[in-house]
Structure formats: C-alpha cells, structure tokens
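Engineer: Mind looking over this structure? Questions follow.
Every number in this text was worked out from the coordinates using simple rules, so none of it is lab data. Since we're looking at a predicted model, the values are computed, not measured. Note: ideal-geometry Cβ built from the backbone for every residue, glycine included; neighbour counts use all protein chains shown.
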Amino acid sequence: MVLQNSVLKTGFELVYKNDLFKCAFITQNEQYAPGKISCLKRHNKSDEIFVLIQGKAVLLTGEQTDGEYDATELQFGRSYCVTAGTWHYMAVSDDAKVFVVENADVSKENTDELNIEEQNIILAV
C-alpha cells in the first residue's frame with residue numbers, strides 16, 4: 001500500500017495509488033475555479049467518483065453531441081459517479097475538498113478535452 005502523507009496543495013492532490021485505482025483530493029485552483037468554463041474533460045477508460053467533504057462544489061456533465069449540460073451542486077458526504085466517456089467539469093469554493101477515485105491509468109493519453117468557451121457557461125459555487 002502506498003499512501004502519501006503530505007500537506008494538501010491546491011488542485012489535484014494524489015493521496016493513494018495502486019495497480020487498479022487512485023484516490024486524490026480536489027481543492028481550489030485555476031483548474032477548478034468557478035466562473036466561465038472554457039474546457040470540459042472526459043476519461044475514456046474510467047468512471048470517476050466524487051465525494052464532497054468540505055466547502056461547496058458544482059459538477060457540470062453532459063454530452064458533446066447536444067451541447068446541453070447538467071449542473072449538480074454536490075451534497076456533503078454523498079457520492080457522484082461520472083461514467084467513462086461523459087464530459088465533465090467541476091468548480092469548487094476556496095475552502096472545498098472533494099475526494100476523488102478513478103482508475104490508476106487515467107492520463108492525458110486516454111482523456112479528451114473539449115473547448116466550450118464560446119458557449120459562455122458560467123458556474124458559481
């Protein structure tokens with residue numbers, strides 16, 4: 001078992017990884033900032049689980065084909081699953097901490113990005 005014991009930084013902080021999955025915390029930084037959304041991501045090989053443990057967070061999900069997205073305000077302690085291939089973005093408050101679980105092999109090579117800047121979507125937390 002590999003467990004990292006470090007001071008939480010901003011952004012995506014890996015705390016555990018083995019051959020099958022990895023766990024991390026998401027905290028506020030430029031990548032997870034509220035406001036105008038410029039890019040969505042999707043992981044082609046992995047579902048992704050989010051659990052809000054502090055602060056506030058909003059999860060945007062949807063399909064590229066229709067350009068319509070659902071914004072879900074995460075509730076404390078409840079788990080949210082974004083299935084493989086689903087476009088998503090998360091905005092978090094300055095004090096937020098979101099626990100994340102995904103496959104260990106999630107990388108830039110199996111993650112797509114979609115520019116949606118022209119759609120003027122704004123997320124507030």
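Engineer: Identify all residues within region 30-58 that are assigned to a loop (DSSP other than H, G, I, E, B) and under 20 Å from N120 (Cα atoms); write none if there are none.
Structural biologist: Matches in region 30-58: A33, P34, I37, S38.
Engineer: Given (1) in contact (Cβ under 8 Å) with a residue 60 or more places away in the chain; (2) surrounded by 12 or more Cβ atoms within 10 Å (Cβ to Cβ); (3) touching a Ser or Thr at 6+ places or on another chain (Cβ under 7 Å), identify the lone condition not met by G11.
Structural biologist: G11 satisfies all of (1) in contact (Cβ under 8 Å) with a residue 60 or more places away in the chain; (2) surrounded by 12 or more Cβ atoms within 10 Å (Cβ to Cβ); (3) touching a Ser or Thr at 6+ places or on another chain (Cβ under 7 Å) except (1).
Engineer: Oh, and also: Among the strands (runs of 3 or more DSSP E) contained in region 59-118, which hold 1 or more residues that are farther than 20 Å from T10 by Cβ and in contact with an Asp or Glu (Cβ under 9 Å, 6 or more places away or on another chain)?
Structural biologist: Filter on region 59-118 gives 69-73, 79-82, 87-92, 97-103.
Engineer: Counting only residues that are touching a Lys or Arg at 6+ places or on another chain (Cβ under 8 Å) and hydroxyl-bearing (S, T, Y), which one in region 75-115 is surrounded by the fewest Cβ atoms within 10 Å (Cβ to Cβ)?
Structural biologist: T111
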